[in-house]
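The values are calculated or read from the model by the stated rules, or taken from the named source; none is laboratory data. All figures in this text were calculated on a predicted structure; none of them were measured in a lab. So basically every Cβ, Gly included, is an ideal-geometry build from the backbone, and we count neighbours across all protein chains shown. Heads up: the accessible areas ignore ligands, DNA and RNA and are worked out on the full protein's heavy atoms, side chains in. Shrake-Rupley method; radii C 1.70, N 1.55, O 1.52, S 1.80 Å.
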Amino acid sequence: MIIGSLLLVIIGWACLQFARPVFGTRATLILMSVKVAAGMIAMVYYLHIRHEGDLFYYDEKASEYLTDIQAGYPIWDFLAQEADPAAKATPQNRTFFFVKIIVVLYMVLGSSIWLSSVFLTFISFLSVVYLVKRVHLTGVDVRWPVILIFFLWPSIAIWGSGVSKETLMLAGISILFGAVVPFFSGNRSNWLLHTALLVLALLVLAKLRIFVLLSLLPFLFGTMLFKILQRYMQKPALRWALGIAGVILIVSLVVTFSYSDTSFNPGYVVKAFTDNHAAIVAQSMPEHVVLGLGTLWQWPQIVLQAMLGAVAGMFGPFLWEVNATSEILLLLEPVLLLTLFFTNSGLRKRLPVFIWMPLLAYILFTSSMITLSTPNYGSLSRYRLAFYPMLIFLASFQHPWLSKISKLKLLEGNSGV
């Protein structure tokens, strides 16, 4: 554990050096401390108060596997397994993949879930700074929206830090966007490094949150294609070419995924979707099911449910859905989000159409599907991190309130380098 602690000190120092040109030394130390503390909150609650939940499960199973490895089970054989070899983890491959990550961290960090939490939080922190730096290459300063989203927004700060699949999911999304965004500015520096990070992000998302990856790819490819053809869209015929190219792209993705392995197969995705919905409903009291979405309708009525799910996922819970005094806290985030939207006039004029329109389409689709598959606000508060940062970004980008705060010069960095 001593060696692991020293390793984390070195990584923390690297985080400081990497982020200091962006936020300044003092602000970087504060933000790192806030993020580490946020990752600890859920751990204290689940490990020392409830003694159950995903965190308790990860610690228990990773410790069991580490004991097996120390007793002689080959580490490479263990890591090569796609499914749980000893039926000690859930049938979900993504859970077993995450447990393997924790086992490796335990081997380096002295079997400490607390040190593992700090390590994963540092990885998340570095990915956020990477995103800010890469976006800066396009001439846009997103430091204050990023601080609001990743460090101050309660659900994202807590669930997106520490020992959580969402921590790595958000890190993967940040790197994915960071690697792609400079494409629009024409910057191609260090392309080999960024390509390697992009591949790593794709692998992590494919293993942990395949649905998020499948939802993001059409958005990213479509946006990049739009940007390429926008240079030649002076004639109506080329507009038609853009539309046809987009359709071909989507059809190609569907066909490719249809003939790929189980995780990418649409039939598997639909089954996982319905199974997850049934499991969440079975574990929830009827009054806690989001908007009464306890039963999935058939086509075409499910379109109405999808619309309700999208609204609930973005702005729920609603006042009439609160069933206990403690649940009133869940209202704070949607109230703040709606306030940001209503007070941020002229938002569309500040973001190019090829950015905000595909991003909004991704948010609506992902919000709908995640809410229908997880119709309980307790679980949804964690799962909607797949789209919540993008939604908050739309609400807060160049918001007048953040603009006023930025004038206070609280950040010492230059948002670049």
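One residue is enough: does the range 260-268 have a residue meeting the conditions charged (D, E, K, R), open to solvent by 60 Å² or more (accessible area, probe 1.4 Å) and at pLDDT 70 or above? Checking the range 260-268: not a single residue is charged (D, E, K, R), open to solvent by 60 Å² or more (accessible area, probe 1.4 Å) and at pLDDT 70 or above.
Of all the residues in the range 123-141, those that are among the aliphatic types (A, V, I, L, M) and out of contact with any Ser or Thr (no Cβ under 8 Å at 6 or more places or on another chain) number 4. When VAL212, VAL146, VAL135, VAL180 are checked against the criterion of being β-branched (Val, Ile, Thr), within 25 Å of LEU105 (Cβ to Cβ) and in contact with a helix residue (DSSP H, G or I) (Cβ under 8 Å, 6 or more places away or on another chain), a single residue qualifies: VAL212.
Filtering LEU198, LEU168, LEU214, LEU176 for residues that are open to solvent by less than 50 Å² (accessible area, probe 1.4 Å) and modelled with pLDDT under 85 leaves a single hit, LEU214. Selection of helices (runs of 4 or more DSSP H) fully inside the range 31-144 by the criterion of at least 1 residues being open to solvent by 70 Å² or more (accessible area, probe 1.4 Å) and at pLDDT below 90 returns 54-70, 75-80, 93-109.
When you go through (1) surrounded by fewer than 13 Cβ atoms within 10 Å (Cβ to Cβ); (2) assigned to a helix (DSSP H, G or I); (3) polar (S, T, N, Q) one by one for ASN323, which number turns out not to apply? Condition (2) is where ASN323 drops out. No other residue among LEU394, LEU408, LEU385 is free of Cβ contacts under 8 Å to residues at least 12 places away in the same chain, more than 15 Å from ALA306 (Cα to Cα) and among the aliphatic types (A, V, I, L, M) apart from LEU408.
In this structure, LEU351 qualifies as open to solvent by less than 20 Å² (accessible area, probe 1.4 Å) and more than 18 Å from VAL212 (Cα to Cα). Only one of the numbered conditions (1) touching a Pro at 6+ places or on another chain (Cβ under 8 Å); (2) within 22 Å of ALA171 (Cα to Cα) is violated by LEU402, and that is (2).
Considering the conditions (1) at pLDDT 75 or above; (2) part of a helix (DSSP H, G or I); (3) of a type outside the set (A, V, I, L, M); (4) over 30 Å from LEU402 (Cα atoms), GLY294 is excluded by exactly one of them, (2).
PRO317 passes every criterion in (1) under 24 Å from the mean Cα position of the chain (by Cα); (2) free of Cβ contacts under 8 Å to residues at least 40 places away in the same chain; (3) not in a helix (DSSP H, G or I) apart from (2).
Yes or no, residue by residue, for (1) free of Cβ contacts under 8 Å to residues at least 12 places away in the same chain; (2) of a type in the set (Gly, Ala, Ser); (3) under 22 Å from LEU152 (Cα atoms):
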{"position": "MET32", "(1), (2), (3)": "no, no, yes"}
{"position": "ALA37", "(1), (2), (3)": "yes, yes, yes"}
{"position": "GLN70", "(1), (2), (3)": "yes, no, no"}
{"position": "TYR73", "(1), (2), (3)": "yes, no, no"}
